[in-house]
């Protein structure tokens, strides 16, 4: 008997923010087709989302969910990595295709839209060039205090973009969406640090500008 092999299917998706609810839904979809489900982090392999949550972690950026194995069908793998998201089906046949599309739909709905711009090379280039140029432009003007702020803003945006692209491409909160802390609660330390740095830098710039202006 000769059986023609079905081609595999792979798709790379945009950055996402997922919650416990999303993981439950993904696993539920896969379990309806196969009892062989594994959930892996860098250090452990779990049989359920409940076991993953019991580790006590709040946020993870590296997770692999596998349905079936290389010898069975359907066999799908979802790679939620710090630098990429990959959805793989060993065979592009009707059952696998249906599972593939359902999971893909969840990921698309959880896409971080702003990341499209944050990760775009031309946007980063624009910030890297435009903001320092503005800083130089205002250096010898009454608005010289803004020179430091423009430069600092460029550095902060570049740093944020790099971390978001290569370290937090997949951001997974192990709480349900309704239980999740607000944006301010999650990021207040980083926001306050950025504000304080900008204010202090601006004051230093103003002080130095006035000092130099007062010299004969």
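Values in this text are rule-based calculations from the coordinates and carry no lab data. No experiment lies behind these values; they were computed from the predicted model shown. Counting neighbours? That spans all protein chains shown, and the Cβs are built from the backbone with ideal geometry, glycine included.
Here are the numbers for this structure:
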read-out: Footprinting exposure proxy for 95, 107, 156 (fewest neighbouring C-beta atoms within 10 Å first); value: 95, 156, 107
read-out: Cα centroid of the range 153-178 to Cα centroid of the range 75-97, whole Å; value: 23
read-out: Cα-based equivalent ellipsoid of the range 1-94: semi-axis lengths in Å, sorted from largest, via gyration tensor; value: 26, 15, 11
read-out: Contour excess over end-to-end distance, with Cα ends at residue 166 and residue 11 and 0.36 nm allotted per residue; value: 54.0 nm
